[in-house]
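For reference, the structure is listed below as structure tokens.
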Amino acid sequence: MTLRRYVLRRILLIVPVLVGVSMLTFALVSLTPGDPVSRMVAQNPSVTAAEEAQLRAQYGLDGPVWQQYLTWLGNVATGDFGVVYGTDRPVSAVVGRRLPETVALGVFGWLFAVGIAIPTGIYAAVRKGSVGDTVSRVFALSGVSIPNFWLGLVFVLVFVLWAGWWDVRPPREPLTHPETLWHLVLPGVTIGTATCASIMRVLRTSMAEELNEEYVTAARAKGLPERQIVWKHALRNALSAVVTVVATLTAGIVAGAVVVEVVFSWPGLGRELVEAIHGHEINLVVAITLLTAVTVVVCNLLADIIYAVLDPRIRYD
Amino acid sequence: MNPENDRSGDRPTRRQLLGATGSVLLSSAAGCLDDDSGAISFPLSVRLEVDADNTDRLAWTAAIAQVMEQTGYFDVEIEQYELDDFLERIFQPKYATKGNVPFLSISGTFNPESYCDPLHGTENQGQCCNLNGLGYDELDAMIDRARFGTEVVDDPALRARRYDEIWRELAEFRGSSVITYITEEYVRNTDVRGFSPYPFVEGTLEYALYSPADRVLTWIDRNADGATGDEWSAHRSGGTLRYGMDANVESFDPPYSTDIYSTSVQSLLFESLTTLDAEGNVFPWLARGYELVDVQDVDRRAYEPYMRPVPTDDEGVLEFDGEADVQAIVVHPDDDRIADEEVRVLTPADAADAVEAGVYGMQYRYELHEGVTFHNGEELTADHVVATAKRYENSDVAAQTFDSVLHVEAVDEYVVDIYAQVPDAEAERELPSFRIHTLEQAELPPNGIDPLQDTPPIGTGPYEFETFADERYFRARKTDDYWLERKGIDALEWYDGPESFPAGPVIDEIDVEIISSDSTRSAALQNDEIDLTFGLVSSTLEEYEDDDGYVVDSIQGGGYQFFQYPVTVEPWDDARLRRAVNHLVPRARIVEEVLDGWGEPAWTMLPKIARETGTADYEALEADLREKNAFDTAAAIELIETVIDDRGYDSNVQ
């Protein structure tokens, strides 16, 4: 099968995957106790059971779950993702407002992770056993072990309260404004640290293996410069393993945004998802979950394509 | 001597109280109790249920559990739930039969009824907060008689005495145990001067910024130079107050808001016919004055001739024929929406007919100030009040609004009548609570007032909407043409303070920062990014209090923490057992050790703010009830032993 046909097939497969994800999410959210009306009623002692039922009927939450799902699916097919029950705001507008914030945070975290992990991983593999290698291993181990909410709070304490280099709140400027980009550093580093550590560990291991391969010995015997051996030959092969984890870890960045956005008051989709789950806003929860699913599927697809570019021997069935 | 102040004996120590969280939770991990375990025997298996989101509540639940276990008569398990799951679990009619003991809190109002009816009224079974399925007809009647009827409307002292009977009856019956009153702590930097919190979070911004009734005025002084005086006469005009809130402003639409954060922000923009001081006294506001025109001795059955039959479904949903979203003003008290297939309902149109025929409980007349303008220049008239009331029909707050309101009618351009369904001692406070809309806004669909959908809120309030970024911030700026400033403070005929008191708030801009994480909000305060916030965890308050750069203002709010006994389940159906457990609640120590002093033990079910109308003599009441709520393990054990002997329960307690 050619790469083009493979990609086409994978794109077509996205549809049933998303239907499955939406069905599962819808079922899971529906299985959890409560709905937007029960939350409303909890704040209002004077609502009777009959009035609660009346409100539920008003919001269309009184039918069976399958019926609610089919209605939702029918609406989505026409591009209508429904409204947020508490505010009547269109879900697509809410997601659209938050998406750029989370994308910016994710891209920053991802660039930080890759930008630090690749040179450090290579350095650690090439200088195996050196002080630098030991330091990078300690960093990698710490990065994987430290929960990002804790790291975020430490950053706030050190860089915001003690050093005064950043504000706690994000600036009220557009995303492209230098002040906003500067503010992205702390949450971006927080969200990217675990990913960075994971990539570093994988790259160090795979790079070290590549450097022990016979073709590297042969290249050295031919008198090729070490820089060329490392960067042109060994790294290209070592990257295949890294690409796999990068695709998986990108999904981790999306998940990590949930916590990091709360700690840094970053108004992205992660924070919105937390609020939506608490408020039983099923339309919003399903929409954000679907978006996350699309991100994961696309990342995996991109990983497959990059595989082919990195190693033309790979064939897809 | 108060037994809780005695450091000897079986009183729990600080270490025990704080350590209890771990030990009891650890023991709870051993397994679940069987709800249907058959014969009753002591030690009695008890499951305390609590939401895991509230650290303080979890700590005192554990503390009480530990004290119970120490007596040897109870095997206690604590079950934690995520808040929404917990609420969904406990707000079920069948929960009352499970035999569990839920811990939660309730917020009320200035109305004393809000501290007894939600927990004990039969109508609230399966709702907040009658979780133990208490159906106590005599108590229901006592609660009704304390609020409704011409006798209590005419005689506030009689009303107060009737509430005293209720508090004493509740202490005897002991369907629940109150633990502490809710207090709210606000932390501000010293640039914020004159600030005074309100007993309810949702009212604090409005009240603190400007309340002529209490001569409260907040101003900003960025060059305070250590000055800390809060006397309003030292005020300066201008500046921006940066207020940190821990949750989003979900809605700018008053009848479609039930959360305190939205309500809080709306109070800057919208106003009502009347306003309240910090003790709940009513003062005319948009109304120049008001009077009680007529009271008639009717109950809700008086509307029977005007009611129409409406079918209901199994869940009590009213099915109006061909009419969507019709407000049920009154459902006939003899009909049951869930049990009956059809009920008699008074709709707004029927209510108008009843009023026209002279059938109503009370008639209040409000005369509006002339020349009051909305932010868009529109002049306030009686039509605005009528249109606003119409918009409250079938809204998210319709249940509490049409609990008392019968009908709203314009008399002339500046006079409006509001009718109550029955003679109601709370009517003066409850009837005029609408936040008045412009005519255009009154026509908007539900949640239609929404700046994110290009329909920003427009009220008569001192602040105009400026900008809102969802989940990030909200900004309001002082309107250039506030009606009271134009008229002068003398326009408030009831005002008897100094003439130099401003005729409106003096701060130019209000910046509300939405920062959900407590620690991040605290960091923002320390980093001088916000000036004022609330809801920080009690363990951090001490540091702020010790710092000269900050002020901590604490106020007892309208609510309390409590737990409920499963009164319909054996052996909890024996009041002596409930009284025994009540004696095992170390209230004072919980405040001292768990809340680090930031709280007040609750000896009665009546918070300070409702005492004016809720008791004839609070000191006498507290003296009576304090003894019944005393921490006294010996008394508790004696009561438990009596229950065991009288009822013939097995006991392995040594």
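Go through segment B:504-528 and report how many residues are in a loop (DSSP other than H, G, I, E, B) and surrounded by 19 or more Cβ atoms within 10 Å (Cβ to Cβ). So that I can check it myself, show each step before the final result.
Looking only at segment B:504-528, we keep the residues that are in a loop (DSSP other than H, G, I, E, B), and these are B:504-508, B:515-517, B:527-528.
Narrowing further to those that are surrounded by 19 or more Cβ atoms within 10 Å (Cβ to Cβ): B:504-507, B:515, B:517.
Of the residues in that region, 6 qualify.
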Complete set of residues in segment B:563-580 that are within 20 Å of B:Cys116 (Cα to Cα) and assigned to a helix (DSSP H, G or I): B:Ala575, B:Arg578, B:Arg579
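When only residues in segment A:99-115 that are open to solvent by 40 Å² or more (accessible area, probe 1.4 Å) and within 17 Å of A:Val243 (Cβ to Cβ) count, which is farthest from the other protein chains (Cβ to nearest Cβ)? Steps first, answer last, please.
The initial filter retains those residues of segment A:99-115 that are open to solvent by 40 Å² or more (accessible area, probe 1.4 Å), namely A:99-100, A:103, A:107-108, A:110-112, A:115.
Now drop any that are not within 17 Å of A:Val243 (Cβ to Cβ), which leaves A:110-111, A:115.
Details: A:Trp110: 23, A:Leu111: 24, A:Gly115: 27 Å.
Among them, the one singled out is A:Gly115.
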So A:Gly96, is it closer than 30 Å to A:Gly79 by Cα and either among the polar types (S, T, N, Q) or buried (at least 18 other Cβ atoms within 10 Å of the Cβ) (or both): no
Counted residues, segment B:283-314 - those being open to solvent by 30 Å² or more (accessible area, probe 1.4 Å) and part of a strand (DSSP E or B): 11
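What is the residue count in segment B:301-341 for residues that are among the hydrophobic types (A, V, I, L, M, F, W, C) and in contact (Cβ under 8 Å) with a residue 40 or more places away in the chain? Steps first, answer last, please.
At the first step, the residues of segment B:301-341 found to be among the hydrophobic types (A, V, I, L, M, F, W, C) are B:302, B:307, B:310, B:317-318, B:320, B:324, B:326, B:328-331, B:338-339.
Narrowing the set further to residues that are in contact (Cβ under 8 Å) with a residue 40 or more places away in the chain leaves B:302, B:307, B:326, B:328-330.
Residues in segment B:301-341 being among the hydrophobic types (A, V, I, L, M, F, W, C) and in contact (Cβ under 8 Å) with a residue 40 or more places away in the chain: 6 in total.
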Matching residues, segment B:228-247, being touching a helix residue (DSSP H, G or I) at 6+ places or on another chain (Cβ under 8 Å) and open to solvent by 10 Å² or more (accessible area, probe 1.4 Å): B:Asp246, B:Ala247
Cβ pairs under 6 Å, 6+ apart, first in segment B:358-382 and surrounded by fewer than 16 Cβ atoms within 10 Å (Cβ to Cβ) and at pLDDT 95 or above, second in a loop (DSSP other than H, G, I, E, B) and of a type in the set (A, V, I, L, M): B:Asn376/B:Ile458
Leading residue by the ranking (farthest from the other protein chains (Cβ to nearest Cβ)) among those in segment B:316-369 that are closer than 25 Å to B:Val298 by Cβ, part of a loop (DSSP other than H, G, I, E, B) and among the acidic types (Asp, Glu): B:Asp334
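To keep it simple, each residue is scored yes or no on (1) buried (at least 24 other Cβ atoms within 10 Å of the Cβ); (2) at pLDDT below 95; (3) under 24 Å from the mean Cα position of the chain (by Cα); (4) on the phi < 0 side of the Ramachandran plot.
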{"position": "B:Val397", "(1), (2), (3), (4)": "no, yes, yes, yes"}
{"position": "B:Thr401", "(1), (2), (3), (4)": "no, yes, yes, yes"}
{"position": "B:Gln421", "(1), (2), (3), (4)": "yes, no, yes, yes"}
{"position": "B:Ala425", "(1), (2), (3), (4)": "yes, no, yes, yes"}
{"position": "B:Ile436", "(1), (2), (3), (4)": "yes, no, yes, yes"}
{"position": "B:Glu443", "(1), (2), (3), (4)": "no, no, no, yes"}
{"position": "B:Asp454", "(1), (2), (3), (4)": "no, yes, no, no"}
{"position": "B:Thr460", "(1), (2), (3), (4)": "yes, no, no, yes"}
Cβ pairs under 6 Å, 6+ apart, first in segment A:167-184 and more than 10 Å from chain B (Cβ to nearest Cβ) and of a type in the set (Asp, Glu), second in a loop (DSSP other than H, G, I, E, B) and surrounded by fewer than 20 Cβ atoms within 10 Å (Cβ to Cβ): A:Glu179/A:Pro171; A:Glu179/A:Glu173
Given (1) within 14 Å of chain B (Cβ to nearest Cβ); (2) open to solvent by less than 40 Å² (accessible area, probe 1.4 Å), number of the condition A:Asp62 does not satisfy: (2)
Among (1) under 20 Å from B:Ser177 (Cβ atoms); (2) away from every other protein chain (no Cβ under 14 Å); (3) surrounded by fewer than 21 Cβ atoms within 10 Å (Cβ to Cβ), the one test that B:Glu138 misses: (1)
Flag for B:Gly549 being buried (at least 19 other Cβ atoms within 10 Å of the Cβ) and at pLDDT below 95: no
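Take A:Glu226 and decide whether it is away from chain B (no Cβ under 14 Å) and either over 20 Å from A:Gly192 (Cα atoms) or within 12 Å of the chain's Cα centre (by Cα) (or both). Walk me through how you get there before you give the answer.
Details: away from chain B (no Cβ under 14 Å): yes; either over 20 Å from A:Gly192 (Cα atoms) or within 12 Å of the chain's Cα centre (by Cα) (or both): yes.
When the stated conditions are applied, A:Glu226 passes them.
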Unmet criterion (only one of (1) of a type outside the set (A, V, I, L, M, F, W, C); (2) part of a loop (DSSP other than H, G, I, E, B); (3) within 30 Å of A:Val84 (Cα to Cα)) for A:Gly256: (2)
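If we only count helices (runs of 4 or more DSSP H) wholly inside segment A:127-215, which ones have 2 or more residues that are surrounded by 21 or more Cβ atoms within 10 Å (Cβ to Cβ)? Spell out how you get there, then give the answer.
Working: elements: A:131-145, A:148-155, A:178-183, A:185-211.
Passing ranges, in order: A:131-145, A:148-155, A:185-211.
In this structure, does B:Glu151 turn out to be more than 27 Å from B:Phe74 (Cα to Cα) and without any contact (Cβ under 8 Å) to a residue 12 or more places away in the chain? First the steps, then the outcome.
Numbers: more than 27 Å from B:Phe74 (Cα to Cα): yes; without any contact (Cβ under 8 Å) to a residue 12 or more places away in the chain: yes.
Spelling it out, B:Glu151 is indeed more than 27 Å from B:Phe74 (Cα to Cα) and without any contact (Cβ under 8 Å) to a residue 12 or more places away in the chain.
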Lone qualifier among B:Val192, B:Val101 - being more than 30 Å from B:Pro462 (Cα to Cα) and buried (at least 23 other Cβ atoms within 10 Å of the Cβ): B:Val101
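Restricting the search to segment A:19-35, which residues are within 14 Å of chain B (Cβ to nearest Cβ) and surrounded by fewer than 19 Cβ atoms within 10 Å (Cβ to Cβ)? Write out each step before concluding.
First, pick out the residues of segment A:19-35 that are within 14 Å of chain B (Cβ to nearest Cβ): A:28-35.
Matches in segment A:19-35: A:Leu28, A:Ser30, A:Leu31, A:Thr32, A:Pro33.
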Residue selected from segment B:517-566 under the condition under 20 Å from B:Leu58 (Cβ atoms) and within 12 Å of another protein chain (Cβ to nearest Cβ), by the criterion nearest to the chain's Cα centre (by Cα): B:Gly559
B:Glu165, sole failed condition from (1) open to solvent by less than 40 Å² (accessible area, probe 1.4 Å); (2) acidic (Asp, Glu); (3) free of Cβ contacts under 8 Å to residues at least 24 places away in the same chain: (1)
Evaluation of A:Ser265 against (1) open to solvent by less than 30 Å² (accessible area, probe 1.4 Å); (2) part of a helix (DSSP H, G or I); (3) among the polar types (S, T, N, Q) (one fails), failing number: (2)
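Evaluate the following for B:Thr540: is it in contact with a strand residue (DSSP E or B) (Cβ under 9 Å, 6 or more places away or on another chain), at pLDDT below 95 and either hydroxyl-bearing (Ser, Thr, Tyr) or open to solvent by 10 Å² or more (accessible area, probe 1.4 Å) (or both)?
Judged against the criteria, B:Thr540 is a match.
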Residue that is nearest to B:Gly244 (Cα to Cα), among those in segment B:473-503 that are assigned to a helix (DSSP H, G or I) and open to solvent by 50 Å² or more (accessible area, probe 1.4 Å): B:Glu485
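From the list A:Trp150, A:Trp72, exactly one residue is of a type in the set (A, V, I, L, M, F, W, C) and within 14 Å of another protein chain (Cβ to nearest Cβ). Which is it? Spell out how you get there, then give the answer.
Working: A:Trp72 fails: within 14 Å of another protein chain (Cβ to nearest Cβ).
On inspection, the qualifying residue turns out to be A:Trp150.
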One residue from B:Leu452, B:Leu444 being in contact with a Ser or Thr (Cβ under 9 Å, 6 or more places away or on another chain), assigned to a loop (DSSP other than H, G, I, E, B) and not assigned by TED's automatic domain parsing to the domain that holds B:Val295: B:Leu444
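Report yes if some residue within segment B:15-34 is at pLDDT 90 or above, within 31 Å of the chain's Cα centre (by Cα) and either closer than 20 Å to B:Gln564 by Cβ or in the same structural domain as B:Arg611 (by TED's automatic domain parsing) (or both); otherwise report no. Show your work before the answer.
Taking segment B:15-34 and keeping what is at pLDDT 90 or above, we get none.
No, the conditions are met nowhere in segment B:15-34.
The values are calculated or read from the model by the stated rules, or taken from the named source; none is laboratory data. Note that the coordinates shown come from a computational prediction; the quantities given were computed from them, not determined experimentally. Reconstructed Cβ throughout: ideal geometry from the backbone, glycine too, with neighbour counts over all protein chains shown. Side chains are part of the model used for accessible areas, which takes the heavy atoms of the whole protein and leaves out ligands, DNA and RNA. Shrake-Rupley method; radii C 1.70, N 1.55, O 1.52, S 1.80 Å.
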